[in-house]
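A short worksheet on the structure shown next.
The values are calculated or read from the model by the stated rules, or taken from the named source; none is laboratory data. Because the structure is a prediction, the values reported are computed rather than measured. Neighbour counts run over all protein chains shown; Cβ positions are idealised from the backbone, glycine included. Heavy atoms of the whole protein, side chains included, go into the accessibility calculation; ligands, DNA and RNA do not. Shrake-Rupley method; radii C 1.70, N 1.55, O 1.52, S 1.80 Å.
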Amino acid sequence: STQVTMRELRLALETYYDTIDATAAPASPRVRTIRAELHKACIAAAELAPGLFSLHAPTGSGKTLASLAFALRHADMHNKERIVFALPFTSIIEQNAKIYRDVFEGVGDHVVLEHHSALGEEDATTNDSDGAHTSDPAYSWRQLASENWDAPVIVTTNVQLFESLFAAHPSKARKIHNLINSVVVLDEAQALPGHLLRPTLAILHELTARYGCTVVLCSATVPAVEWREEFPIGLKGMREIVPGPKAMAASMRRVTAQRAGPLDDEALADRVADHDRVLVIVNTRAHAGRLYGMVTSRRSDPGSVFHLSALMCAEHRSQRVAEIRARLAEPGDPPCIVISTQVVEAGVDLDFPVVYRAMAGLDSIVQAAGRCNRNGRLDRGEVFVFETETKPPSSIEQAAGHASEVWQEGADALDLATMERYFELHFWSRQSEWDGREPGNGIVGRMLHLKHLRFREAAAAYRLIDDWAEAVIVPFGDEGAALCRELREHEAPPRALRRRAQRYTVNVPEYTLRDLLASGAVVESPAGMRVVDPDTPTGVMCYDAELGLRLPHGPDAATMVV
């Protein structure tokens, strides 16, 4: 049970708002005004009766704290027991959880529970043989709280939330009773799985209709999931928190977006190298690596070019983002060119005057635009969307096709009306996938079959992410190399060591792991962990200080998204 009250947390947030005004990143008066208007709208809407809400506000408008303000006031006024934030990406979770911990510092212990794979979810639900669970009170609390989500504020993944709701195994389902009478905020709601829309929307309706929950779908875009005749599985009775989302989006407009047409890598590298401050976002890890090398070779100051992708472990990415932010804040505006995958779109707060984005879904293009002129200090930033010869993953290719269809001559890609047409096409055209990817054998159908309630089959079928990723621990820096050496020999790594390793992990497809093992760059430890060997030539070559994980015979083997 929780000791701190929602009223106390709400007052802590109000105090925090008073302190951040003087320390916030510089923003134009227009942007500051919109952020204040969003906060005011959230406070006003919190008084409404519990149920379904949507919060549509542009990137950079302060949704992270504004949605918390809504949730706390609503929970306080309607006696809700806890707040659950669910997000699609671990990097956003880590960032938001830190903000929330800063907000509630001094209020009480164990207010914010951060629950996701980068903290070792399997460790949180099992006792360690080394007895760490008894000697580490913070770990013991997290272990128990993660089993039951017994904390005032939970920050977790969409995977944890939704797969637990459909789980047929006690250890995963144990936490679900604590969702009753909660406020559930789905941040980045445009990331709801198109191939699982029917069961996902059905469970959100169920939470509000029968379990006393308030659910908020929070997004900079408009995922068209409300009920209408053309979309019979949509949600009914959803209320918009922002009085005029279209007007707010128009007043917050800080960029122009235009299609740059086809650009091969040579032409793209030439254009990018001519800028002193620019962010480039492409669809695959291999493409980012290639382009980084090409742009670097064209600059007389190669140290001004940075690379970001999920081939870099979390610790590596964090250090690189901090370096980029510091450079962007330096007096004199020194050159700063960033070549990235869409990992940079996942809540990374950067502000560039120019952004190039490889063609993708309109929701991704909007997220990319959110890294352009973010604080509104320019009249207009510039976003260029280009076609590339590099084939994207099938999911992005489908979304890019839908984006091209609605973004025709004369259309405004960043207009909410265009975005709504995109989501109508992107979601509604996939009717055969609404209930899973097996036509005629859907998840909802399995759960509602009157003769045989096939919950285990439904749980197995409800997967937001395919289980294709394999974890490899990498020797980034002295700490990472020492960690790899220790794990390489350890038969039973203690919990603290396993947890440290999460910051030095890169996920790769199974075929890439097989190649790495065959080359000798990666070895399997006695405990079954896959570790890059920092003491062999192939292992040293395997992790690059700029690009992250790569195969000894070339970077193009790693073509995964992000």
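Quick one: which residue in R317, R325, R374 is under 21 Å from T59 (Cβ atoms), assigned to a loop (DSSP other than H, G, I, E, B) and either basic (K, R) or touching a His at 6+ places or on another chain (Cβ under 7 Å) (or both)? Selected residue: R374, the only one of R317, R325, R374 that is under 21 Å from T59 (Cβ atoms), assigned to a loop (DSSP other than H, G, I, E, B) and either basic (K, R) or touching a His at 6+ places or on another chain (Cβ under 7 Å) (or both). Here D333 fulfils each of the conditions (1) touching a Lys or Arg at 6+ places or on another chain (Cβ under 6 Å); (2) surrounded by fewer than 24 Cβ atoms within 10 Å (Cβ to Cβ) apart from (1).
Which members of the range 181-240 meet the condition of being free of Cβ contacts under 8 Å to residues at least 24 places away in the same chain and hydroxyl-bearing (S, T, Y)? Within the range 181-240, no residue meets the criteria. Scanning the range 403-436 for residues that are outside any loop (DSSP other than H, G, I, E, B) and over 22 Å from the mean Cα position of the chain (by Cα) yields S404, E405, V406, A417, T418, R421, E424, L425, W428, Q431, S432, E433. Restricting attention to the range 237-276, the residues that are part of a strand (DSSP E or B) and over 25 Å from the mean Cα position of the chain (by Cα) total 5. Reported count of residues in the range 347-368, each being open to solvent by less than 10 Å² (accessible area, probe 1.4 Å) and part of a helix (DSSP H, G or I), is 3.
Taken together, V280, V222, V242 contain a single residue that is open to solvent by less than 30 Å² (accessible area, probe 1.4 Å) and modelled with pLDDT of 95 or more, which is V280.
Every listed requirement among (1) open to solvent by 20 Å² or more (accessible area, probe 1.4 Å); (2) at pLDDT below 95 is met by T208 save one, (2).
Taking the range 174-201 as the range and being assigned to a helix (DSSP H, G or I), closer than 28 Å to R73 by Cα and hydrophobic (A, V, I, L, M, F, W, C) as the test, the residues that pass are I176, L179, A189, A191, L201.
Count of the range 272-313 residues, restricted to those that are among the hydroxyl-bearing types (S, T, Y), touching a residue at least 12 places away in the same chain (Cβ under 8 Å) and out of contact with any helix residue (DSSP H, G or I) (no Cβ under 9 Å at 6 or more places or on another chain), is 1. Scanning the range 375-388 for residues that are out of contact with any strand residue (DSSP E or B) (no Cβ under 8 Å at 6 or more places or on another chain) and among the charged types (D, E, K, R) yields R377, D379.
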